[in-house]
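Take a look at the structure set out below.
No value in this document is a laboratory result; all are computed from the given coordinates. Note that the structure is a prediction, hence the values are computed from the model and not measured. Note: ideal-geometry Cβ built from the backbone for every residue, glycine included; neighbour counts use all protein chains shown.
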């Protein structure tokens, strides 16, 4: 970035700074991607349930003492620490659980509660927000020219097939620095909904998330479709 604010690109002869471990992780992801991309919704629902089990085992909540690091980053006072620690765990756990519950329901062909059509004819569905926002719900709107039958999920139709990644590729997720749950929900979305193999590079502000993510995503790692780097 120059003094006037413009960008100036320069060529570099330096080699990429990927360690041997990261290189091996990427090779494993690339090898696992074709099989995972071809997986059915039923197979992905099974994996989502395994991740729910990892969440329920609660190893993640204390892994790497990530909550203490989170409190330090947020600048919490000793008086606020206990409440904020509980809030950090609750936010991460409930949002991930909510995502997985909705994913499983959709993968197994369960439809959302329908509401009366909007004045323009748009279809309306109710989505409960869960423990992350108790007592609140959202509305999902669909174009009026779509029939309900055409929008229902089924195990025979793959999601996102029009955005399918090329065979033998891995997806890079850049970690978010402002909230601890954002990167994890993105990883789960890429792996479960899009059928991708994912390498997450954690944000410099939150490198400690590698520990809880490893515990929660152990089923993904076991299938070779998830890896992490700092």
_Highest mean first, how do 116-128, 24-36, 184-196 rank when packing is the count of other Cβ atoms within 10 Å averaged over residues?_
184-196, 24-36, 116-128
*Taking the Cα centre of each part, how many Å lie between the range 167-198 and the range 80-103?*
18 Å
*Label-to-label distance, nm, for residues given as residue 56 and residue 82 (7 Å Cα→Cβ offset)*: 3.0 nm
_Efficiency of FRET between residue 223 and residue 118 - r from beta-carbon atoms, R0 45 angstrom, step 0.05_ = 0.65
